Amino acid sequence: MLALGSVTRRRAAPTAAETPHVLVVEDDDDTRVALAEALADAGYRVRTVADSALGLAELERRRPDAIVLD
């Protein structure tokens with residue numbers, strides 16, 4: 001929210017194209033789900049894959065803004 005004098009404005013929510021995209025590569029199901037939920041709750045678009053081969057395939061389809069892997 002921006003306060004300009006006596007006028008208060010809300011910032012527009014980012015569009016899907018503006019929201020950072022994170023790729024999570026994690027073989028442990030529980031960890032992958034927890035990371036995805038935490039990142040989504042923080043406002044990121046999240047894609048998840050269970051192994052490096054799938055991660056590489058995902059990279060060929062779409063470049064994320066960040067990658068989380070172990």
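The values are calculated or read from the model by the stated rules, or taken from the named source; none is laboratory data. Computed from a prediction, not measured in an experiment: that's the story for all the values here. Using ideal geometry, Cβ is built from the backbone for each residue, glycine included, and neighbour counts are taken over all protein chains shown. Heavy atoms of the whole protein, side chains included, go into the accessibility calculation; ligands, DNA and RNA do not. Shrake-Rupley method; radii C 1.70, N 1.55, O 1.52, S 1.80 Å.
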Is there any pair with a first residue in the stretch 16-40 that is more than 16 Å from ASP51 (Cα to Cα) and a second that is open to solvent by 20 Å² or more (accessible area, probe 1.4 Å) and among the charged types (D, E, K, R) whose Cβ atoms are under 8 Å apart and which are 6 or more apart or on different chains, and what are they? ALA16/ARG45; THR19/ARG45; PRO20/ARG45; PRO20/ASP65; HIS21/ARG45; HIS21/ARG47; HIS21/ARG62; HIS21/ASP65
Consider LEU69 carefully, then state whether it is at pLDDT below 95 and surrounded by 11 or more Cβ atoms within 10 Å (Cβ to Cβ). yes
Pair list, Cβ under 7 Å, 6 or more apart: the stretch 49-68 residue closer than 19 Å to ALA34 by Cα and touching a residue at least 24 places away in the same chain (Cβ under 8 Å), other residue part of a helix (DSSP H, G or I) and small (Gly, Ala, Ser): VAL49/GLY55
Subset tally (residues that are β-branched (Val, Ile, Thr) and in a helix (DSSP H, G or I)) for the stretch 52-70: 0
